[in-house]
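Taking it in order: structure first as structure tokens, then the write-up.
No value in this document is a laboratory result; all are computed from the given coordinates. Small disclaimer: the values here were computed from a predicted structure and weren't measured. Virtual Cβ from ideal backbone geometry, glycine too; neighbours counted across all protein chains shown.
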Amino acid sequence: MKKVARAPKPRHVTIMLIPHFGQRTYQIKLPLCFFRRLFAGAILCVALLVGFGQAYSLMRGNMDELSRLRRETVAQRSQLESLAERAAELREREARVAALEQEVRALIESDQFLPAHVKANLLRGLQPGDRSRADVLPIPEQAGASEPSAVVALGPQGGPASPGPPVPDPAWRRTGPLASRAGARAWSAAAAGSPVIPAEAEPGEGEVPSCSGEPELGPALDSALGSGEVAADRLAAVRAALEERQDALLSLPQCMPTSGRLTSRFGYRRSPFSRAREFHAGVDLAAPRGTPVRAVADGVVVFCGRKPGLGNTVILEHGHGISTLYGHNSRLMVRAGQRVKMGQVIALVGDTGRSTGDHLHFELHFAGHEVDPWPYLVRLGG
Amino acid sequence: MLGKKVDRPNPDSVDTVIGKATFLQGTLTSQGSVRIDGRLEGEIIADGDVFIGQEARVVAKVRARHVVVAGELKGDVEATGKLEIASTGVLTGNVKVSQLVVEEGGVLEGSSSFRRQQEGKEGPDRAS
């Protein structure tokens, strides 16, 4: 290749192609500005190339970002799936809580022994945050207030006012504890995640994926789960209280202390000895000497021996601040510290102490205060 | 790359062209290669190659490495390398070469002799 500049037209350039064989040569005459343009074009091309290169590298970066985003998307999708799972779990738990609330509600509603205001409090959304156990379990604390109303709170609607409340008590005796036990079982089963979940929970499963698009699903779910946990805790507290209360109810007299005729009620009376007004802290049940005296509920013998005025006496403690006293016995069949079952014979009817004949003096104490045992005995059909 | 070859004479590059419209009389001596498309009378001595173009009319004694004749050459040729006569080439004269190629239609009028120093494989000695 040869470049030849021609003198007469300096503005032009000849390019000659010289074959190294016989073929003819080729000449191209080009104006000089062509090379300028060529140069400019080359620069332009280079610029374009550089631009393309940059665009390409940018695109590569974008591609990298794209693949990263893809990976992220996959990760987020799995996250969303886990969130959906959590949502499903939440719904399940909600359903469980709802079922539990229903059960507790039913328990409370069917409970004959809860005072109306306590019942209303419990039923009002079942939110026992500000509620102390005293509301749920009025027996020990309110009894400690030494007011007869404590008995009213515990006792049937009839209470001491109407001596014969026949309907609710046997009903409770038949259905109450059983229902509560069944409820407790259902509760624990549900808490353990066994398939006691009611059918209403099922439709929720289908809706779960639809909520997977929500960006703040996780925190919302977490808080909801947390609140569900709180609700469950709350309900568990209610359940525990109810159970304890039922346990306490079982500490009340479950059977007649002896078979006998009521000869003296609780309260002020004329003393059979001095004819003076005196307070009678229990009830007297007349029975022939040697009639068995039975423990009215499970308990522990805390006193067994002679007491001035009461003669041979047994005192049982049943828990929950409830204790019973049996006086004037002819014989004592237990020892202090001994554990006795409901119905177990602990003594025989007698006439020891300040007594006017064979009878049992029976006292019922709530937290150390005597209360009228008769409403609790009369419902036993004695 | 165009400027570089000025430094040292390169026998492979054509640095002289006698164009179609040029007539040269005398001795042309070059350390590089030469191409002739016009007319020349005299003598050509080149370290490199000599190309005689199709339309060239040369009456000269040629001494070079390789010689390619596509035009008309009258005169003796002495080549250390190869002599090629293209189909349009007409060479009238005696040649002394290492290799000889005459294409179909090429004409070589004269005697030919071969140098044997390089491995000269002789072509057919044509005389028409």
Length-normalised contact order of segment A:261-378 in % [C-alpha pairs under 8 Å, at least 6 apart]: 30 percent
Would you grab the residues whose amide H sits under 5 Å from the one on B:THR29? Only those 5+ places off in sequence or on another chain, please, with H modelled 1.01 Å from N. B:ILE45
Translational D in µm²/s for segment A:258-382 (Stokes-Einstein at 4 °C, 1.567 mPa s, Kirkwood Rh from C-alpha pairs): 91 µm²/s
Most exposed first by the Cβ proxy, i.e. fewest other Cβ within 10 Å, how do A:ARG70, A:ARG379 rank? A:ARG70, A:ARG379
Can you work out ³J(HN,Hα) from phi for every residue in segment A:291-296, in order, using Karplus 6.51 cos²θ - 1.76 cosθ + 1.60 and θ = phi - 60°, giving whole Hz and x for Gly and Pro? 5, x, 9, 10, 5, 7
Suppose R0 equals 45 Å; then what is the FRET efficiency for A:ARG306 and A:ALA240 from their Cβ-Cβ distance, rounded to the nearest 0.05? 0.65
Just the number, please: percent antiparallel of the DSSP beta bridges in segment B:16-104, rounded to the nearest 5. 0 percent
In whole Hz, the Karplus estimates of ³J(HN,Hα) for segment A:309-325 (6.51, -1.76, 1.60; θ = phi - 60°; x where Gly or Pro) are x, 8, x, 6, 10, 10, 10, 10, 10, 10, x, 6, x, 9, 9, 10, 10
Report the number of Lys pairs in chain B whose alpha-carbons are under 23 Å apart, with separation of 8 or more residues or on distinct chains. 10
Inter-centroid distance (Cα atoms) of segment A:363-382 relative to segment A:58-75, Å: 80 Å
Vicinal HN-Hα couplings computed from phi for segment A:237-247 (Karplus, 6.51 cos²θ - 1.76 cosθ + 1.60; Hz; Gly/Pro x): 4, 4, 4, 4, 4, 4, 4, 4, 4, 5, 4
Under 5 Å between amide hydrogens, which residues at least 5 positions from B:ARG115 or on another chain qualify, with H placed 1.01 Å from N in the peptide plane? B:VAL97, B:SER98
Find, among the trypsin sites (Lys or Arg not before Pro) in segment A:300-368, those assigned to loop by DSSP (not H, G, I, E, B) with at most 16 other beta-carbon atoms within 10 angstrom. A:ARG335, A:LYS341, A:ARG354
Which order do A:CYS255, A:CYS45 fall in if you start with the one that has the fewest other Cβ atoms within 10 Å? A:CYS45, A:CYS255
With label points set 7 Å from each Cα along the Cα-to-Cβ direction at B:SER87 and A:ARG68, the distance between them in nm comes to 6.6 nm
Length-normalised contact order of segment B:16-104 in % [C-alpha pairs under 8 Å, at least 6 apart]: 19 percent
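Which is the longest run of chain B containing none of the GluC sites (Glu not before Pro) found in DSSP loop states (not H, G, I, E, B) with at most 11 other C-beta atoms within 10 Å? Show your work: numbers first, answer last.
Values: sites that count: B:GLU104, B:GLU119.
Value returned for the longest uninterrupted segment is B:1-103.
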For B:GLU109, list long-range residues whose amide hydrogen, built 1.01 Å from N in the peptide plane, is under 5 Å from its own amide hydrogen. B:LEU91, B:THR92, B:GLY93
Fewest-first ranking of A:ILE322, A:ILE108, using other Cβ atoms within 10 Å as the exposure measure: A:ILE108, A:ILE322
Extending each Cα 7 Å along its Cβ direction at B:VAL101 and A:ARG269, get the distance between those two points in nm, one decimal. 15.1 nm
